[in-house]
Every structure is written in C-alpha cells, then in structure tokens.
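Following: one structure in structure tokens, then a few remarks.
The values are calculated or read from the model by the stated rules, or taken from the named source; none is laboratory data. Quick caveat, the model's predicted, so the values are computed rather than measured. For neighbour counting, all protein chains shown are included, and Cβ atoms are generated from backbone atoms with ideal geometry for every residue, glycine included. Side chains are part of the model used for accessible areas, which takes the heavy atoms of the whole protein and leaves out ligands, DNA and RNA. Shrake-Rupley method; radii C 1.70, N 1.55, O 1.52, S 1.80 Å.
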Amino acid sequence: MLRLLQARDAHHTSAHAHASNIPNSRFPSLKPFLFTYFLYFNNILSRVFKLRSSDNETFQVEEVAALHSKTIKSSSSTEITVPNVKAEILGKVVDWCNKHAVSEGTKDQLIKEWDAEFLSVDQDVLFKLITAADYLQIKELVDQLTQRVADMIKAKTFRTVEMTRRASNVEREVQEDLKSLGF
C-alpha cells in the first residue's frame with residue numbers, strides 16, 4: 001500500500017511539474033484543469049468493460065468506446081449481460097462503438113463510408129441491431145439504424161410495408177406464445 005501511495009505521489013509531482021511549465025500570465029487557472037484532465041484521461045484508458053451476449057460470449061470494450069452507451073456509463077459493474085442479443089449482433093455493436101471511438105479525429109467522409117457499409121445489412125439483422133443499440137442506449141447508433149429503416153420504407157410500396165408489419169407482428173405473437181408455454 002505504501003508503494004502505491006509513493007507511486008501516486010511521484011506521478012502527481014511529475015504531472016504537476018509538467019503543468020507548471022504553462023505561463024501563468026495568460027492562463028493562470030488552466031494548470032489545475034490540465035492536471036485533472038490528465039488524471040481523468042489516464043483513468044479512462046485503464047478500464048475495460050465485459051459485455052456478455054445471450055449465448056454467453058464475452059466481448060471486451062475499452063471505456064473510450066463504451067462511453068457511447070448510457071447503459072454502460074451508468075453501470076456500477078464492469079461486467080454487463082446484454083439479454084436477447086446474440087454474439088453476432090453484439091459483436092457488430094462493439095465494432096461500431098470501437099470505430100466511432102477511434103474516428104473522433106478522422107475525416108467525416110471515411111466514417112460515413114464505414115457507416116454506410118455497416119448499415120448495409122438485411123432487415124432481420126437491422127432490427128436485431130436496433131434492439132441491441134436500444135438496450136445499450138447508444139443514441140447515435142439507434143438514430144442511424146432507424147434512419148436506415150425509414151430509408152428502406154421510403155423505397156417500398158404501402159402494400160410491401162404492410163405485409164412486413166403484419167409478418168413481424170405474427171412472429172412476435174408466436175414468440176410470446178412459446179415463452180408462455182416455457183420454450
């Protein structure tokens with residue numbers, strides 16, 4: 001314990017020494033802010049969350065990527081089970097979070113191209129992605145996915161949309177009936 005305290009104090013002293021090189025005349029209140037930001041940023045990089053899919057596969061996510069999710073941010077645990085989401089879908093959501101965490105400084109066109117490719121999936125996968133993103137409360141991803149659904153609906157006739165809606169309701173009713181019977 002003593003070594004940890006000494007290491008922390010040494011780290012604090014060296015980080016404070018770097019902050020003391022900032023000229024006082026122009027930004028006197030900037031030093032405490034930079035020091036706090038430095039410590040906060042170092043702490044973020046050290047945390048890793050484990051997301052467990054419904055089929056019991058685990059995905060590790062750095063906190064920088066996990067910050068897209070309100071569910072993860074508000075969790076007191078670093079291990080989170082995502083019910084009703086299979087590994088294939090959860091893996092795609094984790095890929096999206098990682099890409100958007102890394103892309104903060106990249107050109108908008110590159111991330112738009114990546115997103116367009118990411119969203120080019122069949123309807124079944126798209127709805128499963130919406131379920132996962134909604135559970136994890138990833139607003140930006142939910143917005144992108146629902147926009148994709150809206151674009152798909154625009155391209156279809158009313159009859160096709162109505163048939164899809166009815167098929168979806170029938171499938172949902174069958175699933176509820178199976179659950180009530182214990183399957």
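So the values come out like this:
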| quantity | calculated |
| --- | --- |
| Residue tally, condition surrounded by fewer than 19 Cβ atoms within 10 Å (Cβ to Cβ) and within 17 Å of ILE80 (Cβ to Cβ), over the range 126-152 | 4 |
| Which numbered condition GLN123 fails, given (1) farther than 19 Å from ALA65 by Cβ; (2) at pLDDT 90 or above | (2) |
| Unmet criterion (only one of (1) under 20 Å from ILE138 (Cα atoms); (2) open to solvent by 40 Å² or more (accessible area, probe 1.4 Å); (3) modelled with pLDDT of 90 or more; (4) more than 13 Å from the chain's Cα centre (by Cα)) for GLU57 | (1) |
| Residue list for the range 29-54, restricted to those being at pLDDT 90 or above and open to solvent by less than 40 Å² (accessible area, probe 1.4 Å) | PHE49, LEU51, SER53 |
| Residues satisfying the stated conditions in the range 102-120, i.e. more than 22 Å from GLU57 (Cα to Cα), open to solvent by less than 60 Å² (accessible area, probe 1.4 Å) and not hydroxyl-bearing (Ser, Thr, Tyr) | ILE111, ASP115, ALA116, LEU119 |
| ARG166 at pLDDT below 75, open to solvent by 70 Å² or more (accessible area, probe 1.4 Å) and either in contact with a Lys or Arg (Cβ under 6 Å, 6 or more places away or on another chain) or not polar (S, T, N, Q) (or both) | yes |
| Selection within the range 65-99 - open to solvent by 40 Å² or more (accessible area, probe 1.4 Å), in contact with a Phe, Trp or Tyr (Cβ under 7 Å, 6 or more places away or on another chain) and either over 22 Å from ALA116 (Cα atoms) or of a type in the set (A, V, I, L, M, F, W, C) (or both) | THR78 |
